[in-house]
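Each value in this text was obtained by applying a stated rule to the coordinates, not by laboratory testing. Computed from a prediction, not measured in an experiment: that's the story for all the values here. Cβ atoms come from the backbone with ideal geometry, glycine included; neighbour counts cover every protein chain shown.
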Ligand code: PLP
């Protein structure tokens, strides 16, 4: 029963990013099945999953092609590794397919099991690259405050979540950060595009402060996901590209969320107009059905790794796991077959943007942003203060959490990052389902507003 599961859960399972005492007091919600964009809990309640699990179930739940791929591969060959000059057909075929769908210049992949491991791989690969170039002093990788790159020592260090750094003595050496391109926080009163340029130039300032000959790479998410779906001004990424080119530093696009169609292109860097050297991926590569992640390696780094010889002393038991790769193959083929990238770019992405703009008329909403099927709405006290920007609620009111509570109670999974309510629904979502989702969102906003007015 639900109560049995909750008791065993509280007694034994230390959940990620969870206050254990709060969980024991309240009990977990036990999710038992899913289909399309919907989840059901152990009490039979239906939930609209506007977060695609954790930004990963791109093709939606219940896709038999992925289930069949996993089953067949498990029967045929459940595991073999890719160490020591062996490999398996699914790993090879997936590497080839990834090369086909990647931006020009990406012909190689290094497999890991998660986004965090992908980013750990990035740190080691970037430093190996500069060693091979005879510039081993190029060690520093620059990330952004409020960026998220995973939870391992290197991933959490690259990220800029200060509450994560506070536990475990992070960041590890050789990692630095600049501020995020969040207009509401750093650009109030400025023209948004002018702010985009200013925010990008913080990278140049940082490079000059450290010394260009010590900087190895810059890493960023095309659209910050866990930081609150922060869509940068259009001027931002091209300026970042110019700065990376000018100082010869590697550009790493963390596409763990933005990869595999989420922004209306196969990869977010294509939407933002950058030419990265490395692309981290995970989540959408298998639509989350099984774990898989890795790094797409562009020509510049691949050439050095391959042509300059020697072993890259890095890898995981499950790098190129055949079952995970078989599922990824089925998933990518399904994304193609269903035309999901175009569906996001031409149909549901623009439709969601329209619906989010209309939400700005709601008394609680001070700003909205979307990019493909990522969306954020900012809950605010006043739509515009003296500087024309929204006025925040007192943080102690935890208005985002209040709204999230109403969502959960009313059949909607939406996430709160401070007072930014965010969504990233499965790419298979239809216009009719977006209408349904907007109805749920409005209902939860009204309930939140009613609480605040009491
Ligand atoms: N990078 C980004 C942009 C992410 O959003 C995440 C997870 O949400 C990660 C890396 C870490 O991925 P994982 O949780 O698979 O280790």
The chain - mean residue ellipticity at 222 nm from DSSP helices (-39,500 (n - 2.57) per run, n ≥ 4, rounded to 500): -12500 deg cm²/dmol
Label-point gap, in nm, between residue 300 and residue 438 - each point 7 angstrom along Cα→Cβ: 4.2
Place a point 7 Å from Cα of residue 391 in the direction of its Cβ. Which residues in the stretch 355-378 have their backbone N less than 18 Å from it? 362-367, 378
Average projected area [Cα convex hull, the stretch 293-398], square nanometres: 12.9
Rounded to whole angstrom, the alpha-carbon centroid of the stretch 399-442 lies from that of the stretch 13-69 at a distance of 14
How high is the relative contact order of the chain, given as a whole-number percent (alpha carbon pairs under 8 Å, six or more residues apart)? 20
Footprinting exposure proxy for 144, 275 (fewest neighbouring C-beta atoms within 10 Å first): 275, 144
Sorted peptide list for 167-178, 409-420, criterion being average Cβ within 10 angstrom, highest first: 409-420, 167-178
What ranking, highest mean first, results for peptides 221-231, 99-109 when packing means the other Cβ atoms within 10 Å averaged over each residue? 221-231, 99-109
Between the stretch 325-398 and the stretch 91-117, the alpha-carbon center distance in angstrom: 28
Anisotropy class of the stretch 137-275 from Cα gyration tensor, a/c 1.5 cut: rounded
The chain, Kirkwood Rh and Cα Rg, ratio Rg/Rh at 0.96
When 281, 79 are ranked with the fewest other C-beta atoms within 10 Å first, the list becomes 79, 281
Between residue 24 and residue 151, with labels modelled 7 Å along Cα→Cβ, what's the label distance in nm to one decimal, could you check? 2.0
Could you check the spin-label model distance between residue 71 and residue 209? Points 7 Å from the Cα along Cα→Cβ, value in nm. 5.6
